[in-house]
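Q: Dropping a structure here in structure tokens format, bear with me for questions.
The values are calculated or read from the model by the stated rules, or taken from the named source; none is laboratory data. What you see is a predicted model; the values in this text were computed from it and never measured. Methodologically, a virtual Cβ is constructed for each residue, glycine included, from the backbone with ideal geometry; neighbour enumeration extends over all protein chains shown. The protein model used for the area step is the full one, side chains on, heavy atoms only, and it has no ligands, DNA or RNA in it. Shrake-Rupley method; radii C 1.70, N 1.55, O 1.52, S 1.80 Å.
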Amino acid sequence: MSKMIIDTDTGSDDAIALLMAVAHPDAEVVALTTVAGNVALDQATRNAKTTLRIAGRPDIPVFVGCDRPLVYPLETATEVHGDDGLGNVHLPDAGIDSQPEHAVLALVRLAAESNGEHDLITLGPLTNVAAALAIDPDLLTRFRRTVVMGGAPDMVGNVTDMAEFNVWVDPEAAARVFVAPGERVMVGWNVSMTAGLVSPDQRKAMAELGTAAGQFAHDITSVVEAFCHQELGIPFFSLPDPLAVAIALDDTIATRTQSIGVTVGRSAEARGATFPTHLQPDAPATDIVWEADAEAFQAQMFAALSALP
Ligand code: RIB
Ligand code: CA
């Protein structure tokens, strides 16, 4: 059983990733922590709850976190995910209360309670995790490992030429997370654009599964599909967060990895870049995923969407 805490800025791909984690027979989602990123914090929190309601799991506790990056003003990605972050489906409120404990304090507490058994999965800017590290510098050592959706280790970004969104939004936070002690996996934009791609026909197949989860996954990805087609000029769309959760739940999906240090660019020119530190062999290492099994990822995603109500 993989017990996991998921930190999310709940856009459309985050939502599908959450459905996959909740549906997986060998996973137990202990808690969600929300962070500003794709959308403002309130919307990210609302979307996380909507997703839990669709998944039939309103019991999973939701802890609300940081509403802006450590240093920079918040930059959202509503052009990618829709004004509501979920493909402009504007679903009604899920009727789930947030936990009273701040997400940063919850991360510190849950890490201490983890006894090395829980995985921390991060799907958004790393603001909450960095703030928790300021309280407990050994935070990540208390989890079994931390799987980070973020970074562009091949220096091919999605926000700037070299920076991926989650790291670019809060590079000061990411810089702290990538040098903290603890086991860490990077599922970056590089592998999201190879193994994490989904075709329009596969999106249609989501709606044809006959489940509310499949219909939801189809409906919320209309904007990201159009964005990828128009802006990236590709006949597919990328689902980075679902790929990260798939890898967190099945290590075999990551078919080629490299253990190496990662430095985060913090200058204006290099903001949010993630440089593998080839010349610093003693740097705190991250397992960078360079190649992954697209078919296995999609099989896990469709199995989850089929298994949910
Ligand atoms: O760059 C892709 C990442 O940024 C994904 O996590 C997406 O949801 C956004 O948060
Ligand atoms: Ca995300």
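Q: Name every residue in the range 132-182 that is of a type in the set (A, V, I, L, M) and part of a loop (DSSP other than H, G, I, E, B), in order of residue number. Outline the logic, then answer.
A: Taking the range 132-182 as the starting set, the residues that turn out to be of a type in the set (A, V, I, L, M) are 132-135, 139-140, 147-149, 152, 155-156, 159, 162-163, 167, 169, 173-175, 177, 179-180.
Result: Ala152, Met155, Val156, Val159, Met162, Val179, Ala180.
Q: For the range 94-103, check the following and say yes or no: at least one residue is closer than 23 Å to Arg144 by Cα and within 16 Å of ligand 2 (Cβ to nearest atom).
A: yes
Q: Condition check: within 16 Å of ligand 1 (Cβ to nearest atom), of a type in the set (Gly, Ala, Ser) and part of a loop (DSSP other than H, G, I, E, B). Does Gly37 satisfy that?
A: Taking the combined requirement at face value, the residue satisfies it.
Q: I would also like to ask the following. I need the full set of residues from the range 6-34 which are under 14 Å from Asn128 (Cβ atoms) and more than 16 Å from ligand 1 (Cβ to nearest atom), in order please.
A: Ala31
Q: Do we have Asp42 as assigned to a loop (DSSP other than H, G, I, E, B) and either open to solvent by less than 30 Å² (accessible area, probe 1.4 Å) or away from ligand 2 (no atom under 15 Å from the Cβ) (or both) here? I'd like the intermediate steps shown before the answer.
A: Details: assigned to a loop (DSSP other than H, G, I, E, B): no; either open to solvent by less than 30 Å² (accessible area, probe 1.4 Å) or away from ligand 2 (no atom under 15 Å from the Cβ) (or both): yes.
For Asp42, the condition - assigned to a loop (DSSP other than H, G, I, E, B) and either open to solvent by less than 30 Å² (accessible area, probe 1.4 Å) or away from ligand 2 (no atom under 15 Å from the Cβ) (or both) - is not met.
Q: Further question: Is it the case that some residue within the range 89-96 is open to solvent by less than 10 Å² (accessible area, probe 1.4 Å) and not charged (D, E, K, R)?
A: no
Q: Only residues that are of a type outside the set (Lys, Arg) and open to solvent by 70 Å² or more (accessible area, probe 1.4 Å): list them for the range 52-87, please.
A: Hits for the range 52-87 are Asp59, Asp67, Leu70, Val71, Pro73, Glu75, Glu79, Asp83.
Q: A further question follows. Starting from residues that are in contact with a His (Cβ under 7 Å, 6 or more places away or on another chain) and away from ligand 2 (no atom under 16 Å from the Cβ), keep the ones in the range 205-242 and report whichever is modelled with the lowest pLDDT.
A: Taking the candidates together, the pick is Pro235.
Q: Provide a single number: the residues in the range 167-187 that are within 12 Å of ligand 1 (Cβ to nearest atom) and either open to solvent by 10 Å² or more (accessible area, probe 1.4 Å) or over 18 Å from Ala244 (Cα atoms) (or both).
A: 3
Q: Residues in the range 1-18: is at least one in contact with an Asp or Glu (Cβ under 7 Å, 6 or more places away or on another chain), open to solvent by 40 Å² or more (accessible area, probe 1.4 Å), modelled with pLDDT of 95 or more and not in a loop (DSSP other than H, G, I, E, B)?
A: Scanning the range 1-18, I find at least one residue that is in contact with an Asp or Glu (Cβ under 7 Å, 6 or more places away or on another chain), open to solvent by 40 Å² or more (accessible area, probe 1.4 Å), modelled with pLDDT of 95 or more and not in a loop (DSSP other than H, G, I, E, B), so the answer is yes.
Q: Quick one: Thr50 ticks every box in (1) within 13 Å of Asp14 (Cα to Cα); (2) in contact with a Phe, Trp or Tyr (Cβ under 8 Å, 6 or more places away or on another chain) bar one, so which box is it?
A: With respect to (1) within 13 Å of Asp14 (Cα to Cα); (2) in contact with a Phe, Trp or Tyr (Cβ under 8 Å, 6 or more places away or on another chain), Thr50 is out only on (2).
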